[in-house]
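The values are calculated or read from the model by the stated rules, or taken from the named source; none is laboratory data. Predicted model, so just to flag it, every value in this text is computed and none were measured. Note that each Cβ is placed from the backbone with ideal geometry, even for glycine, and that neighbours are counted across all protein chains shown.
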Amino acid sequence: MMTVALISVLMALMIPCWGAITRSRSRQAGTTLVMETLELARTAAITGKTDVWVVFRNEGGSSHGSLRILSRQGTRIQPLGPWQKLPAGISFLGGVDSFMKEKPPGEVLSSSLGTQVRTNDEDFGSVMFQRSGGIGMPLPGSNALQLELANNPDTNACSTITLSRATGRAGCQ
């Protein structure tokens, strides 16, 4: 009986810790995915000598985020891969100089969605890399753009990704 009681007490203590570890890893995975996608888009713009967009989408009332890279191919905008989903519970937050403030141009948004139907509870944002690697859209604002990830704020993982307008390089705060 004592062994069962001891195991029960230890399990009760471990469950909150396990949740914190899981949330921290989700945020780290989300941050890594976003930073890698931004760098891939920047590289595609430079090597392809064309404009490249990253479209951000919050689905279902901002409970789940995803992103997709698109590139200008002649006169058309083409996706460079499927939608990349962030871990469950991670989405993009708006704010001053946020990627979510810049709505994608109509042609870019329709190309990113393809045959998918847009719902009213989806929110979109975007950033466009020029062939130099710098930021082409959004134009106005400060020297850097920010993308905040929503999740449990008590984790030690990066919560804000900053993108230099001049160089297009992403950093983590």
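Here are some residues: Gly74, Gly94, Gly81, Gly48. Which one is farther than 21 Å from Gly168 by Cα and small (Gly, Ala, Ser)?
Gly74
Looking only at residues in the range 129-165 that are over 21 Å from Gly30 (Cα atoms) and among the hydroxyl-bearing types (Ser, Thr, Tyr), which one is modelled with the highest pLDDT?
Ser132
Looking for whichever is of a type outside the set (D, E, K, R) and assigned to a loop (DSSP other than H, G, I, E, B) here; the options are Ser132, Ser112, Ser126. Which one fits? Explain how you work it out, then say what you get.
Details: Ser112 fails: assigned to a loop (DSSP other than H, G, I, E, B); Ser126 fails: assigned to a loop (DSSP other than H, G, I, E, B).
Within the list Ser132, Ser112, Ser126, the selection yields Ser132.
Among the residues of the range 93-127, write down those that are within 12 Å of Asn58 (Cα to Cα), free of Cβ contacts under 8 Å to residues at least 60 places away in the same chain and touching an Asp or Glu at 6+ places or on another chain (Cβ under 7 Å).
Answer for the range 93-127, where residues must be within 12 Å of Asn58 (Cα to Cα), free of Cβ contacts under 8 Å to residues at least 60 places away in the same chain and touching an Asp or Glu at 6+ places or on another chain (Cβ under 7 Å): Leu93, Met100.
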